[in-house]
Amino acid sequence: QVQLVESGGGLVQAGGSLRLSCAASGTIFSINTMGWYRQAPGKQRELVAAITSGGSTNYAESVRGRFTISRDNAKNTVVLQMNSLKPEDTAVYYCKVGVILSATMSRLDYWGQGTQVTVSS
C-alpha cells in the first residue's frame, strides 16, 4: 500500500508563486519517476513536469523556465515550485509517483488526490 499526501495549492494573483509538495509513504522498494500533472475544465490531463530517480527532468513547454521540479529521495517527496504564475495555469494539480513495491517487486503508478491552483488576473 502506498499513500500520497499533497500540500500547497490555493489562490494567487498573476505573477505570484506557489509551492506544491507530495510525499509518498508505504512499503516501497524504490521510487522511479515522480511528477505533476494538471487538468483544467474541458481539457485533457497533461504532464506539467517529471523527474526521474537519476534527476533527469521533463517540462511542458508552457511552464519551462517558470516551474522547477525537485525531489528529496530521503523523504520520498517531490516538489513543484511554480513562479510567474499565469491565469492559464489554473487547474487541479495531481501528483503521480511510480514505485516498485517491496512485497512483489512490481511497478505501479499512484496518484494524489489533487489540489486546486487558481491564478487570478
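Here are a few things to note about the model shown:
- Members of the range 72-91 found to be at pLDDT 95 or above and of a type in the set (Lys, Arg), listed by number: Lys86
- Among residues of the range 84-119 being open to solvent by 60 Å² or more (accessible area, probe 1.4 Å) and among the acidic types (Asp, Glu), the one that is farthest from Val5 (Cα to Cα) is Glu88.
- Candidate set from the range 26-57 (those that are among the β-branched types (Val, Ile, Thr) and outside any strand (DSSP E or B)); member that is farthest from Val2 (Cα to Cα): Thr52
- Just so you know, in the range 1-31 the residues that are surrounded by 14 or more Cβ atoms within 10 Å (Cβ to Cβ) and in contact with a Gly (Cβ under 8 Å, 6 or more places away or on another chain) include one that is farthest from Ile69 (Cα to Cα), and it is Val2.
- Residues (touching a Lys or Arg at 6+ places or on another chain (Cβ under 7 Å) and open to solvent by 40 Å² or more (accessible area, probe 1.4 Å)) located in the range 59-83: Gln81, Asn83
The values are calculated or read from the model by the stated rules, or taken from the named source; none is laboratory data. The structure displayed is predicted, hence computed values, not measured ones. Because the Cβ atoms are built from the backbone with ideal geometry, glycine has one as well, and the counts that use them run over all protein chains shown. We work out accessible area using only protein heavy atoms, side chains counted, and drop any ligands, DNA or RNA first. Shrake-Rupley method; radii C 1.70, N 1.55, O 1.52, S 1.80 Å.
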